[in-house]
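These notes concern the structure reproduced below.
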Amino acid sequence: MTTPSDDAAKPVPVRVVLPADPLLGHPEQEVVARLWRRRQTGAGWVYLVGLPSYRGSEDGGVEAAEYRVWVRAPEHVRPVDGVDYDQVPTEPLPPAPPKSSVREVLGERRPSGWVLAKVREGRGRGRARGVLHAPDCEEAPEGAPLLDVQRALDAAENPGTRLCTLCGCAQELTPMLRGFDHIGDS
C-alpha cells in the first residue's frame with residue numbers, strides 16, 4: 001500500500017473495474033479512484049491508480065488511505081464523464097530505432113558461426129559423421145559449441161561431414177571451400 005506523495009501532477013478521477021469474486025458471490029464492481037500516471041508497454045497501456053482504502057493509525061484509530069496499483073487499460077479502467085485526461089503524465093513507448101536500409105533489404109541478421117551435429121551411422125563403422133548447421137537452424141543440436149569460420153571449414157573438409165541445405169550452411173561455406181568460381185558451375 002502506498003500513501004499519497006508529493007507527485008507534481010494532480011490526479012484525476014477514473015473508474016476502476018474490480019474483479020468479480022465467485023466465492024463470495026460478488027459481481028464485477030466499479031469504484032472511482034484517482035489516476036496518477038499512464039504508461040505504454042509492449043503489451044499495451046497500464047494506468048497507476050490510487051484506490052480508496054483505510055489503514056490503522058499509530059494511536060490505534062483508522063484513517064483514510066490510498067492503495068496505488070498499476071492496472072491494464074482499457075480492461076480495468078473506464079473514464080469518468082466530463083473529466084479531462086490530457087494533463088495526466090503519460091509515458092509512451094520510445095520510438096523504435098530506424099531500420100537501416102541494409103536491414104530492410106537483407107532482413108534480420110542470423111547469429112554468427114556454425115555448429116556441428118555428430119552422427120554415427122551403423123554399428124561398428126567407427127567413423128563419426130557430422131552435419132554442419134547455422135546456430136539458428138531447427139536441425140542444429142542445442143548446446144553444441146559454436147565454431148568460428150576456420151573451424152567450420154576444417155570440419156567441412158572432412159569427407160564424413162555434410163553441409164545443411166535447410167539453413168543455408170552449404171550456400172555460405174561451399175564458396176569458401178571450393179572458390180567463388182564454383183558458384184556458376186552446374
Could you list, in sequence order, all residues of the range 87-108 that are modelled with pLDDT under 85 and in a loop (DSSP other than H, G, I, E, B)? Pro94, Pro95, Ala96, Pro97, Pro98, Lys99, Ser100, Gly107, Glu108
Where a residue in the range 136-150 is under 12 Å from Pro111 (Cα atoms) and its partner, wherever it lies, is open to solvent by 80 Å² or more (accessible area, probe 1.4 Å) and of a type in the set (D, E, K, R), with Cβ under 7 Å and at least six apart: Asp136/Arg110
Listed residues Pro159, Pro175, Pro111, Pro145; which is at pLDDT 80 or above, farther than 30 Å from Val16 by Cβ, open to solvent by less than 100 Å² (accessible area, probe 1.4 Å) and part of a loop (DSSP other than H, G, I, E, B)? Pro145
Just to be sure before I move on: is Gln40 surrounded by 11 or more Cβ atoms within 10 Å (Cβ to Cβ) and of a type in the set (S, T, N, Q) in the structure I sent? yes
Here is a list of conditions, (1) modelled with pLDDT under 90; (2) open to solvent by 60 Å² or more (accessible area, probe 1.4 Å), and Arg55 meets all of them except one; can you say which number that is? (1)
When (1) of a type in the set (S, T, N, Q); (2) at pLDDT 90 or above; (3) more than 23 Å from the chain's Cα centre (by Cα) are applied to Gln40, the one that fails is (3)
Looking at this structure, is Val46 part of a strand (DSSP E or B), under 13 Å from Arg15 (Cα atoms) and either of a type in the set (A, V, I, L, M) or modelled with pLDDT under 95 (or both)? no
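The values are calculated or read from the model by the stated rules, or taken from the named source; none is laboratory data. Because the structure is predicted, anything quoted here is derived from the model rather than measured. Ideal geometry is used to build each Cβ from the backbone, glycine not excepted, and the neighbour counts take in all protein chains shown. Heads up: the accessible areas ignore ligands, DNA and RNA and are worked out on the full protein's heavy atoms, side chains in. Shrake-Rupley method; radii C 1.70, N 1.55, O 1.52, S 1.80 Å.
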